[in-house]
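J.: Input: one structure, supplied below.
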Amino acid sequence: MHNYYITESGHVSEIEEYQDNCWLMLTNPTDKECRDTSQHFGIELDDVRAALDQDESSRVDIEDNYTLILIDIPTREAVNVAISYTTIPLGIILTKSCIITVCSKETIILKDMIFRKMRGLSIRKMKRFCCQILYHNCTVYQNLLKSIDRSRGDIEKKINDDMEDTDLINLHYLESNLVYFATSLRANASVLDKIKRYGILKEHAEDEELLDDTIIENMQAIETTKIYQDIIKSTSELFSTVTNNRLNDVMKLLTSITVVMALPTIISGIWGMNVPLPFQNSFFGFPIVILITVFVCALTVWLLRKWKML
């Protein structure tokens, strides 16, 4: 699917066909759309398709008539148990006449560029528009990191309650999200560093300031991801410790019950032997044996509680 956009009075509007200084957005494009884009703008076909490969690494390629910027962006992943996120490539191709974005699926990064009103947004200023996409990508990472931490907090609150297997599974998904984010953010940092070093997006002073802000936001996202990874690791260890302690308590309880229940069996077994025993000729022999049994069991329970084994 392909769409063309321009900015009018600070708003992004869709147009029916191509015109200079527009934004061509390719979303999960067909092979024909990739070939047509390649031929029309003189772009290598592999560069157009680069963002469609989920394993493609972030990079910057500078050619004679265009520049390819490939970054990783977050996207929601469909899972049965919980909300999970992963990262996919987004290709930004700067040509002399327009800016082209290529992605394998619809993403909130580009949707926000269309529907949200942003200060100074102008597709005509293609390099600044590219910087705005990169900056917004960092802010989305930050927002999703906060959402992940809130989800972790909700799971952690259940430690004192009845924990379920789904809580541990959800915690695993959150940890996986952070692994993807950490890897992608580090790769994006290399891309941003190269963009700044070579002045690829430097056209006005405001562009350089926006790029510096983007680099700072990306570094903050990297630090935040590492902090949240450590916190989730600690939460996982806490879950394991609490689970082990509860299992130990159950085993202690079952062991204590077994000891207490074994005493009546031992006493009744002794008094059931065909040998002379106390109270065998007494009319109150049976009640006395019952009282002895109850006393021994009660004493055992008291001792177990005193030793904190029950």
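J.: Can you find, within segment 1-45, the residue that is most open to solvent (accessible area, probe 1.4 Å) among those that are hydroxyl-bearing (S, T, Y) and assigned to a loop (DSSP other than H, G, I, E, B)? Working first, answer last.
T.: Filtering segment 1-45 for residues hydroxyl-bearing (S, T, Y) gives 4-5, 7, 9, 13, 18, 27, 30, 37-38.
Narrowing further to those that are assigned to a loop (DSSP other than H, G, I, E, B): 9, 18, 30.
Numbers: S9: 116, Y18: 62, T30: 74 Å².
Once the filter is applied, the top-ranked residue is S9.
J.: Still on this model: Can you go through L253, L178 and tell me which one is out of contact with any strand residue (DSSP E or B) (no Cβ under 8 Å at 6 or more places or on another chain) and closer than 21 Å to H136 by Cβ? Before you say what the answer is, go through the steps one by one.
T.: Details: L253 fails: closer than 21 Å to H136 by Cβ.
Matching residue, one of L253, L178: L178.
J.: Determine which member of the set I290, I232 is closer than 29 Å to K158 by Cα and part of a helix (DSSP H, G or I).
T.: Of I290, I232, the one residue that is closer than 29 Å to K158 by Cα and part of a helix (DSSP H, G or I) is I232.
J.: If the Cβ limit is 8 Å and pairs must be 6+ apart or interchain, which residue in segment 191-216 that is in contact (Cβ under 8 Å) with a residue 60 or more places away in the chain pairs with which residue that is open to solvent by 40 Å² or more (accessible area, probe 1.4 Å) and among the hydroxyl-bearing types (S, T, Y)?
T.: Taking only residues 6 or more apart or on different chains, the pairs are L210/Y135; D213/Y135; T214/Y135.
J.: In addition: Of the residues V140, V191, which single one is in a helix (DSSP H, G or I), open to solvent by less than 70 Å² (accessible area, probe 1.4 Å) and touching a Pro at 6+ places or on another chain (Cβ under 7 Å)? So that I can check it myself, show each step before the final result.
T.: Values: V191 fails: touching a Pro at 6+ places or on another chain (Cβ under 7 Å).
Just one listed residue meets the conditions, V140.
Quick grid of which residues meet (1) in a strand (DSSP E or B); (2) at pLDDT below 85; (3) surrounded by 16 or more Cβ atoms within 10 Å (Cβ to Cβ); (4) of a type in the set (S, T, N, Q):
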site: D61; (1), (2), (3), (4): yes, no, no, no
site: V81; (1), (2), (3), (4): no, yes, no, no
site: P89; (1), (2), (3), (4): yes, no, yes, no
site: L94; (1), (2), (3), (4): yes, no, yes, no
site: F129; (1), (2), (3), (4): no, no, yes, no
site: R150; (1), (2), (3), (4): no, no, no, no
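J.: Also, I was wondering about something else. Exactly one of (1) more than 19 Å from I62 (Cα to Cα); (2) touching a residue at least 60 places away in the same chain (Cβ under 8 Å) is unmet by H2. Its number?
T.: (2)
J.: Can you list residue pairs whose Cβ atoms sit under 8 Å apart, with the first residue in segment 286-310 being farther than 10 Å from S256 by Cβ and the second being part of a loop (DSSP other than H, G, I, E, B)? Count only pairs 6 or more apart in sequence or on different chains.
T.: Close Cβ pairs (under 8 Å, with a partner that is part of a loop (DSSP other than H, G, I, E, B)) amount to I288/F279; I288/S282; V289/F279.
J.: Across segment 15-33, what is the number of residues that are within 25 Å of I88 (Cα to Cα) and either among the aliphatic types (A, V, I, L, M) or in contact (Cβ under 8 Å) with a residue 40 or more places away in the chain (or both)?
T.: 8
J.: Which of (1) of a type outside the set (F, W, Y); (2) assigned to a helix (DSSP H, G or I); (3) surrounded by 19 or more Cβ atoms within 10 Å (Cβ to Cβ); (4) more than 12 Å from the chain's Cα centre (by Cα) is the odd one out, the single condition L145 does not satisfy?
T.: Going through the list (1) of a type outside the set (F, W, Y); (2) assigned to a helix (DSSP H, G or I); (3) surrounded by 19 or more Cβ atoms within 10 Å (Cβ to Cβ); (4) more than 12 Å from the chain's Cα centre (by Cα), L145 breaks only (4).
J.: On to the next question. Exactly one condition in (1) under 30 Å from T95 (Cα atoms); (2) open to solvent by 80 Å² or more (accessible area, probe 1.4 Å); (3) under 16 Å from the mean Cα position of the chain (by Cα) is false for F181; which is it?
T.: With respect to (1) under 30 Å from T95 (Cα atoms); (2) open to solvent by 80 Å² or more (accessible area, probe 1.4 Å); (3) under 16 Å from the mean Cα position of the chain (by Cα), F181 is out only on (2).
J.: Can you pull out the residues in segment 106-117 that are in a loop (DSSP other than H, G, I, E, B), open to solvent by 40 Å² or more (accessible area, probe 1.4 Å) and either within 16 Å of I92 (Cα to Cα) or in contact with an Asp or Glu (Cβ under 8 Å, 6 or more places away or on another chain) (or both)?
T.: Applying the first criterion (in a loop (DSSP other than H, G, I, E, B)) to segment 106-117 yields 106-107, 116-117.
Pick out the ones that are also open to solvent by 40 Å² or more (accessible area, probe 1.4 Å) and you get 106, 116-117.
Listed by number, the list holds a single entry, E106.
J.: Please go through segment 148-178 and give me each residue that is within 12 Å of the chain's Cα centre (by Cα) and not hydrophobic (A, V, I, L, M, F, W, C), ordered by number.
T.: Residues satisfying the conditions are D149, R150, S151, R152, N170, H172, Y173, E175, S176, N177.
The values are calculated or read from the model by the stated rules, or taken from the named source; none is laboratory data. Just so you know, these numbers come straight off a predicted model, no measurement behind them. For neighbour counting, all protein chains shown are included, and Cβ atoms are generated from backbone atoms with ideal geometry for every residue, glycine included. The accessibility values were calculated without ligands, DNA or RNA, using every heavy atom of the protein model including side chains. Shrake-Rupley method; radii C 1.70, N 1.55, O 1.52, S 1.80 Å.
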